[in-house]
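These notes are about the structure you will find just below.
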Amino acid sequence: MNPKHVIAAFALLLALTPAASADETAPFLNSKLELRYRVSLQVPFARGHYQPRVTFALVGQSGAFFTSPRIVTIPGEGYVFVDQSGEGLELARDLLVSVSRGGTGHWAVLVENSYLDLVQVTAQAAVVAWDGWDSKGTHYRFEDLTGTGQEYLLRRVTDVSDNRTEYQYALVAGTAGTVAKLDSISYNFYDPANPDATGPVPTNSTSLASWIKFYYDAFGRIFGVDGWSMSASGSWMIHGYRIAWSSSSSSPTDPVSFTELTQGSARSLQTTFEYTGGLISAVQTPRGARYAFSRDPSNTSRISSITVSGPGLQTATTTYWYDPPWRTFSQDSVTRIVK
């Protein structure tokens, strides 16, 4: 079989195979007894050594989206590599330091968990971008899109096989200056009639491309995320997500609901967030589990227990509770433990 046909068939399989439902974690408390909850959005599969990811998270009481690492300039610290570390939903901030790797001009995070070699791209004595390479040889480009030198956003990723992922941003004027908002992530560029589409400069018009589109409301909050693939008959939405935010001006980042639309609107899975006295009190998941939060009467900002109930559970199960000093436990078959 012609190798080009093999690649085309594989790309078509990736483009047309829907992923499973969003990967959802149960609400939990981190080591500081702060509430965390995560939904990993299902997006089109990517070829090669780099898979884009989008995560919706509840961090404390605020909803947030995590999409990619970035490099920021922090006064008094220098350059800092910022990423969302995954399971704990903590924002990792790693100081970048100059290192000697095959010559001068190379940078790395101070404490490395994985290999990433960074080099500054300068113009007229100003840093305009960073190039990075991981242990697989995948190339990352971070660019200063607003011209302030304060934030370098991930712009593209290219692996050793020239599979390329593009991050597109919209520049929006705000009260604090120009802000770059992620507009789309596009990848899987391949057209059997145009093999050059897999090269360094792909186009979005190739028939098997995939992309992730982000939608914002008038307040700059993401209210929709769609994952699309391009088939021979046209574009096809694999998964879509919609989030409703609080209408209160005092709590604009409080999420009200998070809805997954599979293949357009054929199936709808919704997570709802409940509040009491302005504080989050429960999360109701689409699978039927309800997580209710009790708070410390002497300090209502602290959650004292998380109780899960719903179909399939014989009784309400307390998964976390408070007993000074703060401790965290996990239980499967008890309603309460007193120590």
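Brief remarks on what is shown
- Exactly one residue among R53, R47 is assigned to a loop (DSSP other than H, G, I, E, B) and free of Cβ contacts under 8 Å to residues at least 40 places away in the same chain, and that residue is R53.
- Taking the criterion of being among the acidic types (D, E) and not in a strand (DSSP E or B), the residues of the range 156-183 that qualify are D159, D162.
- Here G48 fits the description: over 18 Å from the mean Cα position of the chain (by Cα), small (G, A, S), open to solvent by 30 Å² or more (accessible area, probe 1.4 Å) and closer than 29 Å to D159 by Cβ.
- Residue selected from the range 208-238 under the condition crowded, with 21+ Cβ neighbours inside 10 Å and in a loop (DSSP other than H, G, I, E, B), by the criterion modelled with the lowest pLDDT: L208
- Breaking point among (1) surrounded by 13 or more Cβ atoms within 10 Å (Cβ to Cβ); (2) outside any strand (DSSP E or B), for F142: (2)
- Within the option set S98, S40, being modelled with pLDDT of 85 or more and crowded, with 16+ Cβ neighbours inside 10 Å holds for one residue only, S40.
- Some residue of the range 186-194 being of a type outside the set (F, W, Y), at pLDDT below 90 and open to solvent by 70 Å² or more (accessible area, probe 1.4 Å): yes
The values are calculated or read from the model by the stated rules, or taken from the named source; none is laboratory data. Values in this document were obtained by computation on a predicted structure and should not be read as measured data. Here Cβ is always computed from backbone atoms with ideal geometry, including for glycine, and neighbour counts include all displayed protein chains. Just the protein is used for accessible areas: all its heavy atoms, side chains included, with ligands, DNA and RNA removed. Shrake-Rupley method; radii C 1.70, N 1.55, O 1.52, S 1.80 Å.
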